[in-house]
1. When all alpha-carbon pairs of the range 256-303 are counted, what percent fall beyond 13 Å?
2. For Phe377, Phe103, Phe387, what's the fewest-to-most ordering of other Cβ within 10 Å of each Cβ?
3. Can you give the calculated 222 nm mean residue ellipticity of the chain, where each DSSP H run of n ≥ 4 adds -39,500 (n - 2.57) and the sum is split over every residue, rounded to the nearest 500 deg cm²/dmol?
4. Which one, Gly324, Thr96, Leu405, projects farthest toward the positive side of the charge dipole computed for the chain from Cβ point charges (K/R +1, D/E -1)?
5. Return the inverse of the average 1/r over all pairs of distinct C-alpha atoms in the range 310-462, which is the Kirkwood hydrodynamic radius, in Å to one decimal.
6. If I model a spin label as a point 7 Å beyond the Cα along the Cα-Cβ vector, how far apart are those points for Ala86 and Lys221 in nm?
7. What size of dipole, in debye to the nearest 20, comes out for the range 296-395 about its Cα centre when the only charges are +1 on Lys and Arg C-beta atoms and -1 on Asp and Glu C-beta atoms?
8. Have a look at the range 120-260 and give its Rg and Dmax from the Cα atoms, expressed in angstrom.
Amino acid sequence: MSSYDVIVIGSGPGGYVCAIRCAQLGLKTACVEGRETLGGTCLNVGCIPSKALLHASHMLHEAEHNFAEMGLKGKSPSVDWKQMLAYKSSTIETNTKGIEFLFKKNKIDWLMGWGSIPEPGKVKVGDEVHESKHIVIATGSEASSLPGVEVDEKVVVTSTGALELSKVPKKMVVIGAGVIGLELGSVYARLGAEVTVVEFLDAITPGMDPEVQKTFQRMLKKQGLNFVMGAAVQKTEATKTKAKVHYKLRKDDSEHTLDADVVLVATGRKPYHDGLDLEKLGIRLTKRGQIAITKDWQTDVKGIYAIGDVTEGPMLAHKAEDEGMAVAEVIAGKHGHVNYGVIPGVIYTHPEVASVGETEQTLKDAGRAYKVGKFSFMGNARAKANFAGDGFVKILADKETDRILGCHIIGPGAGDLIHEVCVAMEFGASAQDLAMTCHAHPTYSEAVREAALACGDGPIHM
Ligand code: FAD
Ligand code: NAI
């Protein structure tokens, strides 16, 4: 039996970051992981592989649509799917091996296998029981199931199967117009599949700024994605090579069917804590099955903490990472802090979509007076040169104090641009503070400054 200060269960972005920070703070640390590689959902079957396929398919899209206009003539590249999957796998490998290296560097023991907590202060992995003063549960999430839809990960797939298809399907039906559906739907549409997205609600990406939602859907339609909105999927029927998706339109209850070679079920994810026997330990769950925690990430049992997708809040890698660092600080007797009001969300389609903070709807609901500064990328020289003028930056600021309350961007580099606003918000900046900051020309970030100017006396280039 070995003895530790901290054992972290799960090596996703929450768990591995927590383990590294604990080790850096001088705590004897181990991390339990049941997968064959470290890095969790994010590195193995989530963020990283999906971004590799998004990148490769975007390159193809650029070659097919924009090269000729820039004077780059010649045959567009054709898709070698096997090689694209190999590129994706090597991207995963360099990242997961990177975490192994960091574990060794920080002297963190990787306890290989599935862990359980037989009693507080103890973690069992295989036949071995280890003692630990503190236990951090970072076991993540898994795809939610949908009644009437049986996943085989070949024809009817979750995101995991969609990252590993044997070939590019001719026809793909995506159930759910959320982040996964639109990112992976874009990948296959760019690779030549006829993609139809079936969404229960009347707008895509629920919770986002409505103007962004509309612009985003228009752009995706232009890229060839089809949408069936307000449709409740009833069931799927699959053979070994084909499937049918049956849905009812909510407006008139009419029944319809779509044929597909592959159906991607992307209707959300749910917390994963199988095998931990939380109830027996006295650890309470929320109504949605997440582990209930205090503001210091403590569960109901002293010395057992929980972070990341298995707890409440956005299911995002960087939210899990921030909690991982913060809980390590708490365990080490320091002050751990996560500002849940400033967690950006990014959709890595082309163009990217990014948002942080309040939306107009949340501000209206809260009865808070606000002003809007908006700037279109059509007024941005760099964007125009790069065929990226479609989209905008929208900054929301307090009507009286001018303090930035939120930002919504659809356009080139949105996922990077948003961080300028995140930093401004962390420092409690006003829109004028951003507007008075010199921005290099010609950059996409000038559009952020112009949106900030639009909160005051007005933008220059619009
Ligand atoms: P996870 O990453 O899920 O890691 C949990 C780990 O715990 C797993 O490796 C699991 O094997 C292990 N585990 C579970 N139980 C046990 C046990 N009992 N014993 C041992 N090990 C155990 N988020 C973003 O921010 N950006 C993105 O671009 C993005 N893209 C995504 C794309 C896809 C297709 C998917 C599915 C998700 C994506 N996400 C993205 C979400 C992101 O992956 C998660 O928010 C993040 O991985 C959560 O981290 P975590 O540490 O809480 O859990
Ligand atoms: P999601 O919650 O983003 O979207 C699910 C969509 O499915 C919603 O629009 C919902 O209305 C719809 N839906 C639900 N039931 C339906 C039904 N019966 N018929 C039709 N539509 C239905 O979930 P998604 O896309 O599965 O992603 C899961 C999580 O993974 C997200 O919470 C996200 O945070 C994370 N993720 C993040 C990424 C990023 O940050 N870029 C990328 C991919 C995933």
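Since every read-out is calculated from the coordinates, none of them should be taken as a lab result. Fair warning: this is a prediction, and the values are worked out from it, not measured in the lab. A quick note on method: Cβ atoms are made from the backbone with ideal geometry, for glycine too, and the neighbour counts reach across all protein chains shown.
1. Here the tail beyond 13 Å accounts for 68 percent of pairs.
2. Fewest-to-most Cβ neighbours within 10 Å comes out as Phe387, Phe103, Phe377.
3. -9500 deg cm²/dmol
4. Thr96
5. Every distinct Cα pair counted, the radius reaches 16.2 Å.
6. Label at Ala86, label at Lys221, 4.1 nm between them.
7. With Lys and Arg at +1 and Asp and Glu at -1, about 620 debye.
8. Rg and Dmax of the range 120-260, Cα atoms, are 19.1, 59 Å.
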